[in-house]
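The structure appears below as structure tokens.
The values are calculated or read from the model by the stated rules, or taken from the named source; none is laboratory data. What you are looking at is a predicted structure, and each value in this text was computed from that prediction instead of being measured. Reconstructed Cβ throughout: ideal geometry from the backbone, glycine too, with neighbour counts over all protein chains shown.
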Amino acid sequence: MPRLEAVILPLAALIAGLAVFSLFLIGLGKSPLTFFALVYKAGFGTGFSWQNTLSRVAPLLFAGLCVALPARLGLVVIGGEGAIALGGLAAAVTGVWCGALPGALGLMLMASAAFCVGGAWIGTVGFLRIRRGVNETIASLLMSYIAIALMNHLVEGAFRDPASLNKPSTAPLPAALRVGDMPIGIEVHWGLGIGVLCCVLCWVLLDRTTIGFAARVAGDNIRAAQVQALPVGRLITGFTALGGAMAGLAGYFEVTAIHGAANASLVAGYGFTGILVAFLARHNPLAIIPVAILLAGFQASSGLIQRRMDLPDATILVMQGIVFVTLLLSETLYGRLRLFRPDRWEQRA
């Protein structure tokens, strides 16, 4: 029954959050039915809508993994936005330096740079947690702000392309170092496919390997893990670094597939939306995939809602915030509802 509980409670929290948001819309004099109809039309109603939605999924997959992987050890890491920014910057700078190399080799070097920079940045959070007892939630959030400031400083200074007058950016990537679209009939770049593959591989790591089992033991009871001589320090540092590396890959695909250079557009809020993705998915890498698609559809509808209902573009963010609050409230119900308690089903048997 725990698996059923892990599905029903997040779904109930999502429905409750949308119900509360509907009351918010009614208070503004807007129709919730019209709002959700527009969300469906813009996010999932047509082939173009699906293309617009799926093009936003990749960074949400990677950002969700940045939260979900450390969560297996009981850590709440919310600094993925900074890792995305630095990963994108690392990819862009590496692309400029290796522009003369063959395209495949250059893309691999750029991905490696983004992977390593993002991993090192968030891995530092795990290191501080083990060595100095620094709270990982506060540390990751503060480091996210530092990373964004550092990225802006370097883009506007040392790595700025002199030709980027109105919007400071790094030098544009050559065409050979741009990621193309997948051959699926619609224009969606390879970040989606790689993101789905990473979710599957992370699920295998967490649920089908001894390393994942050790991480679950450490996350459930760190004292018990230490008594069993499990390498808790290396597990925490490794899983936070792997989560940061996933966020770094999000920045890599944003640069190579979307923007073509590193600039302020990298700070688009994907890292923070990834927190909601991971929590709605109950930190299950496989569940991250449909949740990311759902939230990407919500984001894709913001422009149409703004035009048709005369609502601010940030209305979708308000909805996401309300859903996140109801989701956090639902956490208090785990293990307390009689319907899902094991003893109830044992008595019936």
* Go through region 138-174 and give me each residue that's within 24 Å of ASN52 (Cβ to Cβ) and either loosely packed, with under 13 Cβ neighbours inside 10 Å or touching a Cys at 6+ places or on another chain (Cβ under 7 Å) (or both). => LYS167
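Applying the selection to region 295-321, what residues are under 19 Å from VAL67 (Cβ atoms) and surrounded by fewer than 18 Cβ atoms within 10 Å (Cβ to Cβ)?
Taking region 295-321 and keeping what is under 19 Å from VAL67 (Cβ atoms), we get 295-296, 298-299, 317, 320-321.
LEU317, GLY321 - these are the residues of region 295-321 that are under 19 Å from VAL67 (Cβ atoms) and surrounded by fewer than 18 Cβ atoms within 10 Å (Cβ to Cβ).
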* To do: Assess whether ILE130 counts as being buried (at least 19 other Cβ atoms within 10 Å of the Cβ), in contact (Cβ under 8 Å) with a residue 60 or more places away in the chain and part of a helix (DSSP H, G or I).
  => no
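Is it true that some residue in region 190-198 is farther than 30 Å from ALA287 by Cβ, surrounded by 13 or more Cβ atoms within 10 Å (Cβ to Cβ), out of contact with any strand residue (DSSP E or B) (no Cβ under 8 Å at 6 or more places or on another chain) and not hydrophobic (A, V, I, L, M, F, W, C)? Don't jump to the end; show me each part of the working.
Residues of region 190-198 farther than 30 Å from ALA287 by Cβ: none.
No.
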* Asked: With (1) more than 25 Å from GLY99 (Cβ to Cβ); (2) in contact (Cβ under 8 Å) with a residue 24 or more places away in the chain; (3) out of contact with any strand residue (DSSP E or B) (no Cβ under 8 Å at 6 or more places or on another chain) as the list, and ARG208 as the residue in question, which single condition is left unmet?
  -> (2)
* To do: Could you please find all residues in region 251-281 being under 19 Å from ALA149 (Cα atoms), within 12 Å of the chain's Cα centre (by Cα) and surrounded by 24 or more Cβ atoms within 10 Å (Cβ to Cβ)?
  => GLY251, TYR270, GLY271
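Give the residues of region 273-293 that are more than 13 Å from ALA58 (Cβ to Cβ) and either in contact with a Ser or Thr (Cβ under 9 Å, 6 or more places away or on another chain) or in a loop (DSSP other than H, G, I, E, B) (or both), sorted by residue number. First the steps, then the outcome.
From region 273-293, those more than 13 Å from ALA58 (Cβ to Cβ) are 275-276, 278-287, 290-291; that's our starting set.
Hits for region 273-293 are ALA281, ARG282, HIS283, ASN284.
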* Of everything in region 87-123 that's over 23 Å from ALA139 (Cβ atoms) and β-branched (Val, Ile, Thr), which residue is surrounded by the fewest Cβ atoms within 10 Å (Cβ to Cβ)? -> VAL96
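How about region 163-248: which helices (runs of 4 or more DSSP H) wholly inside it have at least 1 residues that are modelled with pLDDT of 90 or more?
On the way: elements: 191-207, 210-220, 222-227.
Those helices (runs of 4 or more DSSP H) span 191-207, 210-220.
When you scan region 294-327, how many residues do you find that are among the charged types (D, E, K, R) and in a helix (DSSP H, G or I)? Spell out how you get there, then give the answer.
Looking only at region 294-327, we keep the residues that are among the charged types (D, E, K, R), and these are 307-308, 310, 313.
Okay, now just the ones that are also in a helix (DSSP H, G or I), so 307-308.
Qualifying residue count for the region: 2.
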